[in-house]
Amino acid sequence: MKELYTENSSYVSFPYNSVLGVDEDFDYPYYGDALHKYRNAYISVHGYLSFACCIFGITANILNIIVLTRKNLLSPTNAILIGLAVSDIFVMSSYLPFTYHNYIQNHETEDDKFSYGWVVFTLFHQHFALVSHTISTWLTVIVAIWRFLAVRFPQNSTVWCSMARAKCAILATYLVCPIFGIPGYLSSTIIPAVSREGGIIYFVHFSRISQMHNKLLQNMFFWISSVIMKLVPCVALTGISFGLIKVLYKRNLRRQRLRADVDRNHDRTTRMLLAVLMLFLLTEFPSGLLGLLSGILGTDFFNHVYMNFGETMDVLALINNAINFIIYCTMSQQFRNTFANLFLPSCPTIVSASRV
């Protein structure tokens, strides 16, 4: 059975060990005692930490949707943020039972932990969570492009960044991203194995279709997951973020020269979205980089390095999915006011003309 685990892989965004049902006592060839010890130390708290992130994140994103759909906040940019909140909810709703079953729940036998019904859900989770996360990733890129056009070409932004185009961009993202997962759909299947108790247990494994094509589908899925779904968006966001920072810097110099309050509310919105972009880069770049190195350096790096950071990258992704509500509340006065009017009507608010 050793070859089953060492050659298998599922997707870049979430942990390979638990997706595949690899038992913690399995003799796995880790690279370096330090990485092995780190994973063993962290995994004891990962289930509770990720479970808490999912509960908070689902609640926070539901609040984001409620607030951003108010008439005074409805705008093309906010429409994209609503689409982002929906995809984030999808990711965390799928990960919630996954993390409970694999990291929190006590299983008396392998037959219970790796039952057929559970592995069917695992296979669904594998693809659904990856597609949903990819949607979140590319909607973040679209938000960045939208904001860059608004601040760089303000005279054309109302035409280029209209509500109709925002809706088209959201719909296109939700329709196109699942296409990227086709190699993964075709290359994954469920296989049986014999447990220590002598019963039948099940695992997610690459299908015969991919084996017949010399692992072409496996390689396609891996490169799509690590490059198109990770590194390309990160590189694009890095360039756009620097462009936004440059525009803000020039505006600040102009404001100091004129001693005027020109576009201050507009700039506050841009800073808030920059915070969202920076958080995304901090949480997504490491997994994209490790995924790329795994593709370049081969199976040993993937098995011995990437695998040890699987749960850490998971929780970083979940934090990114969950924390936008805090950023909005911290940096957008109108979001705070609208939230307070909806849920804390007795609290005084300050009327602001700013728009998220």
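Could you tell me which residue of region 47-74 is modelled with the lowest pLDDT, considering only residues that are more than 18 Å from the chain's Cα centre (by Cα) and open to solvent by less than 10 Å² (accessible area, probe 1.4 Å)? For region 47-74, the residue satisfying everything is 73. Of the residues in region 194-216, at least one is under 24 Å from residue 100 (Cβ atoms), at pLDDT below 80 and open to solvent by less than 50 Å² (accessible area, probe 1.4 Å). For region 306-341, residues that are over 27 Å from residue 81 (Cα atoms) and either touching a strand residue (DSSP E or B) at 6+ places or on another chain (Cβ under 8 Å) or open to solvent by less than 20 Å² (accessible area, probe 1.4 Å) (or both) total 4.
Applying the condition of being without any contact (Cβ under 8 Å) to a residue 60 or more places away in the chain, in a helix (DSSP H, G or I) and out of contact with any strand residue (DSSP E or B) (no Cβ under 9 Å at 6 or more places or on another chain) to region 177-193 and asking which residue is surrounded by the most Cβ atoms within 10 Å (Cβ to Cβ) yields 177. If residue 107 satisfies all but one of (1) touching a helix residue (DSSP H, G or I) at 6+ places or on another chain (Cβ under 8 Å); (2) closer than 30 Å to residue 48 by Cα; (3) modelled with pLDDT of 85 or more, what's the number of the condition it fails? So the condition that residue 107 fails would be (3).
The values are calculated or read from the model by the stated rules, or taken from the named source; none is laboratory data. Just so you know, these numbers come straight off a predicted model, no measurement behind them. No Cβ is skipped: glycine too gets one built from the backbone with ideal geometry, and neighbour counts run over all protein chains shown. These accessible areas exclude ligands, DNA and RNA; they are computed on the full protein's heavy atoms, side chains included. Shrake-Rupley method; radii C 1.70, N 1.55, O 1.52, S 1.80 Å.
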